[in-house]
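> Below you'll find the structure I mean.
The values are calculated or read from the model by the stated rules, or taken from the named source; none is laboratory data. Keep in mind it's a predicted model, so treat the numbers as computed, not measured. Counting neighbours? That spans all protein chains shown, and the Cβs are built from the backbone with ideal geometry, glycine included.
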Amino acid sequence: MVQIWALGVTLIVIYLLGQRVALATETEATPISSRHHGSRPNLARPPGLSIEPYIRPEMGQRMQRLRPAILAAASRHNREELSGMSDQQFALVMVTILYNEHFGWFEEDIAPLRAVTPLYQDLQRRVNASGVGGDFSVWPANLRPSVALEILRGELPLADGRVAYVPVHVLGSQIDVEGYASREALLAAITDEISRDDLAVEYLAANLERGLYRAAAEGAPVSWRTLAAWHNQGIVCPQAARANPTAHDYLRRAAAYLPAAKAFLHQKSLHALALQPI
């Protein structure tokens, strides 16, 4: 009974934090969501200057530890014949996304909430892992378990609603998608994997690889923006990304982290660069 009560309180907290955008936006603003990607509400914002990027010190330390894993995953999942990118450039996209995902625009607007965000992220993970079938996004890559399941199955949702199958493999995953008694148990097990920093990096790289196949299927040009829009909203068409307020704002924010991501890959000072105005 206590566990059920605690779970109910947790869901209420997640809901309130998820709805917190309403406190700082106009009433006519409408949240934009995607069936496949993302969980935090994101509202259309008027065009403006790029943000001043912020990287939590603990995030900077985690990224330093993950640098070898990021480079290795980029080498495994970059399909140069599809991306036109070097493995280093593919890794740059990964780092940019990881930085952008760890710090949302609402925390930028209301700085005191920066202390609350890790709690909010952990609550989502706990609900997913509880076995009730939660499908909240999980950090550090901000992937939903259901999207991770698509990756494990090699599924690629297409723009017309069909599903293709692509040869994507998640190195290190111990998940047998047919080996669980229920979908709830399966999603809980996947949550455990995508909560691990090393495996989160691998899942992220595998998801971006899916983005390359999706871009090839649509004949879309590939750039860091293509892959970031795929990760955020499951779209690759540049026109669709510009027309989607959530994707547009996500790419605007991500652009601010590109210098820090480049510095990270070149082993320059993350902290000093992150504090520089863009």
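> Return the total of residues in region 133-186 being in a loop (DSSP other than H, G, I, E, B) and under 23 Å from Asn78 (Cα atoms).
Taking region 133-186 as the starting set, the residues that turn out to be in a loop (DSSP other than H, G, I, E, B) are 133-137, 139-142, 144, 154, 158-162, 166-182.
Applying the additional criterion that residues be under 23 Å from Asn78 (Cα atoms) yields 139-142, 144, 154, 158-159, 166-175.
Qualifying residue count, region 133-186: 18.
> A further question on this structure: Within the set of pairs 6 or more residues apart or between chains, which connect a residue that is under 14 Å from Gln233 (Cα atoms) inside region 250-264 to a residue that is in a helix (DSSP H, G or I) and of a type in the set (Gly, Ala, Ser) with Cβ atoms less than 8 Å apart?
Listed by first residue and then by second, the contacts come to Tyr250/Ala228; Tyr250/Ala229; Leu251/Ala228; Leu251/Ala229; Leu251/Ala241; Ala254/Ala228.
> Also, I was wondering about something else. Which residue pairs have Cβ atoms closer than 6 Å, lie 6 or more positions apart in sequence or on different chains, and pair a first residue in region 75-89 that is more than 13 Å from Ser223 (Cβ to Cβ) with a second residue that is not hydroxyl-bearing (Ser, Thr, Tyr) and not in a loop (DSSP other than H, G, I, E, B)?
Close Cβ pairs (under 6 Å, with a partner that is not hydroxyl-bearing (Ser, Thr, Tyr) and not in a loop (DSSP other than H, G, I, E, B)) amount to Ser75/Asp87; His77/Ala205; His77/Ala206; His77/Glu209; Asn78/Asp87; Asn78/Phe90; Arg79/Leu212; Asp87/Ala74.
> Hey, can you tell me all the residues within region 169-224 that are within 22 Å of Arg67 (Cβ to Cβ) and among the hydrophobic types (A, V, I, L, M, F, W, C)?
Of everything in region 169-224, those that are within 22 Å of Arg67 (Cβ to Cβ) and among the hydrophobic types (A, V, I, L, M, F, W, C) turn out to be Val170, Leu171, Ile194, Leu199, Ala200, Val201, Leu204, Ala205, Ala206, Leu208, Trp224.
> Next question, about the same structure. Could you list, in sequence order, the residues of region 192-225 that are hydroxyl-bearing (Ser, Thr, Tyr) and buried (at least 24 other Cβ atoms within 10 Å of the Cβ)? Give the derivation first.
Here is the first cut: in region 192-225, the ones hydroxyl-bearing (Ser, Thr, Tyr) are 195, 203, 213, 223.
Of everything in region 192-225, just one residue is hydroxyl-bearing (Ser, Thr, Tyr) and buried (at least 24 other Cβ atoms within 10 Å of the Cβ), namely Tyr203.
> OK, next. Of the residues Arg210, Arg162, which single one is touching a helix residue (DSSP H, G or I) at 6+ places or on another chain (Cβ under 7 Å), among the charged types (D, E, K, R) and at pLDDT 95 or above?
Details: Arg162 fails: touching a helix residue (DSSP H, G or I) at 6+ places or on another chain (Cβ under 7 Å).
Selected residue: Arg210, the only one of Arg210, Arg162 that is touching a helix residue (DSSP H, G or I) at 6+ places or on another chain (Cβ under 7 Å), among the charged types (D, E, K, R) and at pLDDT 95 or above.
> Look at region 144-168 and say how many of its residues are buried (at least 22 other Cβ atoms within 10 Å of the Cβ) and in contact with a Cys (Cβ under 9 Å, 6 or more places away or on another chain).
Qualifying residue count, region 144-168: 0.
> Residues that are closer than 18 Å to Tyr213 by Cβ, assigned to a loop (DSSP other than H, G, I, E, B) and either in contact with a Leu (Cβ under 8 Å, 6 or more places away or on another chain) or modelled with pLDDT of 95 or more (or both): does region 84-99 have at least one?
The answer is yes, given that some residue of region 84-99 is closer than 18 Å to Tyr213 by Cβ, assigned to a loop (DSSP other than H, G, I, E, B) and either in contact with a Leu (Cβ under 8 Å, 6 or more places away or on another chain) or modelled with pLDDT of 95 or more (or both).
> Looking at region 169-191, which of its residues are surrounded by 17 or more Cβ atoms within 10 Å (Cβ to Cβ) and polar (S, T, N, Q)?
If the condition is that a residue be surrounded by 17 or more Cβ atoms within 10 Å (Cβ to Cβ) and polar (S, T, N, Q), then Ser173, Thr191 are the ones that fit.
> Continuing with this model, one more query. I'd like the residue in region 248-262 that is modelled with pLDDT under 95 and either among the basic types (Lys, Arg) or farther than 15 Å from Ile51 by Cα (or both) and, out of all such residues, is nearest to the chain's Cα centre (by Cα).
Arg253
> Could you figure out which of (1) modelled with pLDDT of 90 or more; (2) over 22 Å from Pro145 (Cβ atoms); (3) not small (Gly, Ala, Ser) isn't true of Pro46?
Looking at each condition in turn, Pro46 falls short on (1).
> May I pose another question? Among the residues of region 82-91, which ones are in contact with a helix residue (DSSP H, G or I) (Cβ under 9 Å, 6 or more places away or on another chain) and of a type outside the set (A, V, I, L, M, F, W, C)?
To start, the set of residues in region 82-91 that are in contact with a helix residue (DSSP H, G or I) (Cβ under 9 Å, 6 or more places away or on another chain) comprises 82-83, 85-91.
Within region 82-91, Ser83, Ser86, Asp87, Gln88, Gln89 qualify.
> When the residues of region 233-272 are filtered to those that are small (Gly, Ala, Ser) and in a loop (DSSP other than H, G, I, E, B), which remaining residue is nearest to Tyr99 (Cα to Cα)?
Initially, region 233-272 is screened for residues small (Gly, Ala, Ser), giving 234, 240-241, 243, 247, 254-256, 260-261, 263, 269, 272.
Pick out the ones that are also in a loop (DSSP other than H, G, I, E, B) and you get 234, 269.
Details: Gly234: 19, Ser269: 15 Å.
Among them, the one singled out is Ser269.
> Criterion first (at pLDDT below 50 and surrounded by fewer than 21 Cβ atoms within 10 Å (Cβ to Cβ)) does Ala272 satisfy it? Explain how you work it out, then say what you get.
On the way: at pLDDT below 50: yes; surrounded by fewer than 21 Cβ atoms within 10 Å (Cβ to Cβ): yes.
In short, yes.
> Please indicate, with yes or no, whether at least one residue in region 217-232 is touching a His at 6+ places or on another chain (Cβ under 7 Å), touching a residue at least 60 places away in the same chain (Cβ under 8 Å), of a type outside the set (Gly, Ala, Ser) and in a helix (DSSP H, G or I).
The initial filter retains those residues of region 217-232 that are touching a His at 6+ places or on another chain (Cβ under 7 Å), namely 231-232.
Narrowing the set further to residues that are touching a residue at least 60 places away in the same chain (Cβ under 8 Å) leaves 231-232.
Pick out the ones that are also of a type outside the set (Gly, Ala, Ser) and you get 231-232.
Next, only the ones that are in a helix (DSSP H, G or I) stay: 231-232.
So far as region 217-232 goes, yes, one or more of its residues are touching a His at 6+ places or on another chain (Cβ under 7 Å), touching a residue at least 60 places away in the same chain (Cβ under 8 Å), of a type outside the set (Gly, Ala, Ser) and in a helix (DSSP H, G or I).
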